[in-house]
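*Asks:* This is the structure I want to talk about, given as C-alpha cells.
The values are calculated or read from the model by the stated rules, or taken from the named source; none is laboratory data. All of these numbers come straight from a predicted model, not from anything done at the bench. Note that each Cβ is placed from the backbone with ideal geometry, even for glycine, and that neighbours are counted across all protein chains shown. Note: accessible area is taken over every heavy atom of the protein model, side chains too, but ligands, DNA and RNA are not part of it. Shrake-Rupley method; radii C 1.70, N 1.55, O 1.52, S 1.80 Å.
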Amino acid sequence: MHIENSIPVFLEFWESHEQPTLDDLESYLTEHAKIYEKYFPIHCPRTEERLSAALRKYEGKIGDIRSISASLPDVIQETDEKYEQVFGLGLELSFKLMVGTFGSNAFVTRDNRREIYFAVEKLSAERDHLKVITAHEIGHVTHFALASRAGIDWSTVDWGHGLTTLFTEGAATYLSKRIVPGLQEPVYLSFDDEGEPWVKCYEENKAEVKRRFLEDASGEWDMVKEKEWFRLSGGSYFGYNRIGYILGLDYVEQLVGRIGEDAALTYWHGNDVKADIVEWLKQ
C-alpha cells in the first residue's frame, strides 16, 4: 500500500496568500498539474465558475482539511488491513490525497483499478465518516478483484450503463457496511450525519424510485440520467442526489440474501446482472 498526501501542498499555497484570487488558484493548479491530471475534467470541470465558487468555500473547510490530512492516512491503513483480513486479496493499493475544487469526493481511477483518489474538501472530518468512504472506495476495488479472481471477461461488462453502475455502487456500499459495521444506515450512503432524510425519502417512495429507474434504464442511458441517479449534481426526480446508491444497496442486499455473499459479489461473472436487476425492479 502506498499513500501520497498532497494536502500539505495546498495548505502551503492557501496560507501563503492573505486572500487568494482566481488567478492565484489557477497558477497553483497549473504548477501542480500532476496532482490533478486524473481529477480534471472527468471528476470536476475546470471552469472559471467552478474555481470561483471553490475559493468562496475553502475558508469554511480549511479546519476540516487540516484535520483530514492528519487522520486520513491512519484511517486508510486501518481499513485496508481490515479488507485484507476479511478477503485476503493482496490488493497493493495506491491512495492519492488532494484538495480539489468541490467536484467528486473520491474515486477509483478508470485506467488503474488499484488507484484511489480522495478530494478531501468534500469530506466530513469525523473519523467514522472517513472510515466509511474509505471502505466504500476500497469496496469498489475489492468487488472488481473478486470478479477477476472468478474469471470474469471484462469485455462483456457494459460500463456505460446505469444498471452496471447500480450494481457496482450497491456492492461498494454493501462492503462498506461489512467492513465498518455498527453505524447508522444513512452514514453508509451520505458519508456524514446528514443522510437520514435522504434514506427516508427512498423508503417512502421505493416503488416509485424503482419504477422511475426502470423507465430510465429501459431507454438509452446517457450522462443526464447518470448525473440524476449517481452524481452529486443530480436530484431533480426526488429532491435528493445519488439516490441510485440506495437503490443499488437495496438490490445487492436482497441478492446476498437470495444467493449468498460470495455468489452475489461475483454475480456478473456467468450471469446477466443487468437482466436480473430489471426483474427485481419490476417486483
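*Asks:* Around residue 106, which amide H atoms from residues at least 5 apart in sequence, or from another chain, sit under 5 Å from its own amide H, with H modelled in the peptide plane?
*Replies:* 119
*Asks:* Assuming a viscosity of 0.890 mPa s and a temperature of 25 °C, what translational diffusion coefficient in µm² per second does Stokes-Einstein assign to the chain, Rh being the Kirkwood radius over Cα pairs?
*Replies:* 125
*Asks:* Subtracting the Cα-Cα distance from 0.36 nm times the residue separation, let me have the gained length for residue 49 to residue 18 in nm, one decimal.
*Replies:* 9.0 nm is the gain from fully extending residue 49 to residue 18.
*Asks:* Report relative contact order for the chain in percent, whole number only (criteria: Cα-Cα under 8 Å, sequence separation at least 6).
*Replies:* 17
*Asks:* A further question on this structure: Pairs of Cα atoms under 8 Å, at least six residues apart: use those to get the relative contact order of region 1-77, whole percent. Before the final figure, lay out each step's value.
*Replies:* Working: 20 pairs, mean separation 36.8, N = 77.
Dividing the mean separation by the residue count of region 1-77 yields 48 percent.
*Asks:* Greater than 18 Å separation of Cα atoms is the criterion. Which listed pairs, 57/122; 200/282; 34/227; 38/82; 96/122, meet it?
*Replies:* Distance filter (> 18 Å) returns 200/282; 34/227; 38/82.
*Asks:* Enumerate the calculated ³J(HN,Hα) couplings along region 58-74 in order (Karplus 6.51 cos²θ - 1.76 cosθ + 1.60, θ = phi - 60°), each rounded to whole Hz, writing x wherever the residue is Gly or Pro.
*Replies:* 4, 3, x, 10, 4, x, 5, 4, 4, 5, 5, 4, 7, 9, 4, x, 5
*Asks:* Expressed as a whole percentage, what fraction of the accessible surface of the chain belongs to carbon and sulfur atoms when a 1.4 Å probe is rolled over the protein heavy atoms? Walk me through the numbers on the way to the answer.
*Replies:* Numbers: 5830 of 12910 Å².
Percent of accessible area from carbon and sulfur atoms in the chain: 45.
*Asks:* So, one more: Can you list, bin by bin at 10 Å, the percent of alpha carbon pairs in region 75-164, starting at 0?
*Replies:* In order of increasing distance, the bins hold 15, 46, 31, 8 percent.
*Asks:* Pulled fully out, how much extra length does the chain show between residue 275 and residue 32, if you take 0.36 nm times their separation in residues and subtract their Cα-Cα distance?
*Replies:* Result for the pair: 83.0 nm of gain on full extension.
*Asks:* Let me ask something else. Can you list residues from other chains, or at least 5 along the same chain, whose modelled amide H is less than 5 Å from the amide H of residue 3?
*Replies:* Amide H neighbours of residue 3: 95.
*Asks:* Oh, and also: Quote the charge dipole size of the chain about the Cα centre in Debye, to the nearest 20; the model charges only the Cβ of Lys and Arg (+1) and of Asp and Glu (-1).
*Replies:* Working: 31 positive and 49 negative charges, 104 e Å.
Computed charge dipole of the chain: roughly 500 debye.
*Asks:* Once you've got the GNM for the chain with C-alpha springs shorter than 10 Å, pick whichever of 86, 180, 108 has the biggest mean-square fluctuation.
*Replies:* Sorting by GNM fluctuation, first place goes to 86.
*Asks:* Oh, and also: Helix 273-282 against the longest principal axis of the chain: what's the angle in degrees, Cα atoms only, rounded to the nearest 10?
*Replies:* Tilt of helix 273-282: around 80 degrees.
*Asks:* Now, a different point. ³J(HN,Hα) across region 112-124 via Karplus (A = 6.51, B = -1.76, C = 1.60, θ = phi - 60°), whole Hz, x for Gly/Pro?
*Replies:* 3J(HN,Hα) across region 112-124, in whole Hz: 8, 6, 10, 10, 10, 10, 10, 9, 6, 5, 9, 9, 6.
*Asks:* OK, next. Along region 191-201, what does the Karplus equation 6.51 cos²θ - 1.76 cosθ + 1.60 (θ = phi - 60°) give for ³J(HN,Hα), rounded to whole Hz, x for Gly and Pro?
*Replies:* 6, 7, 9, 9, x, 4, x, 4, 5, 4, 4
*Asks:* If you don't mind, there's one more thing I want to ask. Could you provide, to the nearest whole Å², the per residue accessible area of region 165-283 with probe 1.4 Å?
*Replies:* 46
*Asks:* Something else about it: If I fit a long axis through the Cα atoms of helix 206-218 and take the longest principal axis of the Cα atoms of the chain, what angle between them do I get, 0 to 90°, rounded to 10?
*Replies:* On a 0 to 90 degree scale, this one is about 90.
*Asks:* For residue 191, what residues show an amide H to amide H distance below 5 Å, using hydrogens built from the backbone and excluding near sequence neighbours?
*Replies:* none
*Asks:* Let me ask you something else. Roughly speaking, what is the centre-to-centre gap between region 1-29 and region 153-203 when only Cα atoms are used, to the nearest Å?
*Replies:* Distance between centres, Cα-based: 31 Å.
*Asks:* I've got another one for you. Obtain the nm distance between the two label points defined at residue 206 and residue 67 by a simple spin-label model: each point lies 7 Å from its Cα along the Cα-to-C-beta direction.
*Replies:* It works out to 3.4 nm between the two label points.
*Asks:* When the chain is treated as a GNM, springs tying every alpha-carbon pair under 10 Å, which of 189, 249, 232 comes out with the largest mean-square fluctuation?
*Replies:* 232
*Asks:* Most mobile of 59, 169, 126 per a Gaussian network model of the chain (Cα springs, under 10 Å)?
*Replies:* Top of the fluctuation ranking is 59.
*Asks:* Helix-only estimate, please: 222 nm mean residue ellipticity of the chain, summing -39500 (n - 2.57) across DSSP H runs of length 4 or more and dividing by its residues, to the nearest 500.
*Replies:* -19000 deg cm²/dmol
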